[in-house]
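The values are calculated or read from the model by the stated rules, or taken from the named source; none is laboratory data. Computed from a predicted structure; not experimentally measured. Because the Cβ atoms are built from the backbone with ideal geometry, glycine has one as well, and the counts that use them run over all protein chains shown.
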Amino acid sequence: MGASVLRVIRLLAVLLVFALGAGCAHTKKKSDLETLRPVVESFHQRVRWKDYRIAARFIVPERRQDFERGRREKQDERDLSITDYEIEEVEVVEEGERAIVTSRIKWMRLPSVSEQSDTVTSEFIYRDGKWLLEKQAGGPFDGELP
């Protein structure tokens, strides 16, 4: 083979490597959203149905005890009712290591019988191969996951 043919083959090989690399990066982003959404849904469902022990598993380990203690102190098993939630927006940032989730949550906590509707911003981080809730602002747990 001539030198020019070898150069063309090498160039094609390099282009193929770049093309495959770009494809992998795209797949990783898609995979991040695919693994994040079920976690967000599960957390919302668990707190809606007052399964706080399981919901705590979706929170970063260093804040789980505080979350569970807050549920006991506020007697949320008895007094908190989350009547509805809707995930409005999911944004993966910091190269897929963090996600900002915006939700609309309707809830009430006795003794009040007035339903509140809040926009809740949750920050999830990707740690040790899974998504975990690190921070949350708004809603019934506002200020508890700073």
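Numbers at a glance
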| item | result |
| --- | --- |
| Selection from the stretch 71-92 of residues that are surrounded by fewer than 17 Cβ atoms within 10 Å (Cβ to Cβ) and either basic (Lys, Arg) or within 20 Å of PRO111 (Cβ to Cβ) (or both) | ARG72, GLU73, LYS74, GLN75, GLU77, ARG78, ASP79, SER81, THR83 |
| Tabulated pairs, the stretch 106-130, first in a loop (DSSP other than H, G, I, E, B), second basic (Lys, Arg), C-beta under 6 angstrom, 6+ apart or interchain | GLU115/LYS106 |
| Filter pass, ARG104 being under 25 Å from GLU34 (Cα atoms), crowded, with 16+ Cβ neighbours inside 10 Å and modelled with pLDDT of 95 or more | no |
| Qualifying residue in the stretch 108-115 (condition: under 19 Å from the mean Cα position of the chain (by Cα) and charged (D, E, K, R)) | no |
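For (1) loosely packed, with under 13 Cβ neighbours inside 10 Å; (2) on the phi > 0 side of the Ramachandran plot; (3) modelled with pLDDT under 95, each residue gets a yes or a no:
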residue: GLY96; (1), (2), (3): no, yes, yes
residue: GLU115; (1), (2), (3): yes, no, no
residue: GLU123; (1), (2), (3): no, no, no
residue: ASP128; (1), (2), (3): yes, yes, yes
residue: PRO140; (1), (2), (3): no, no, no
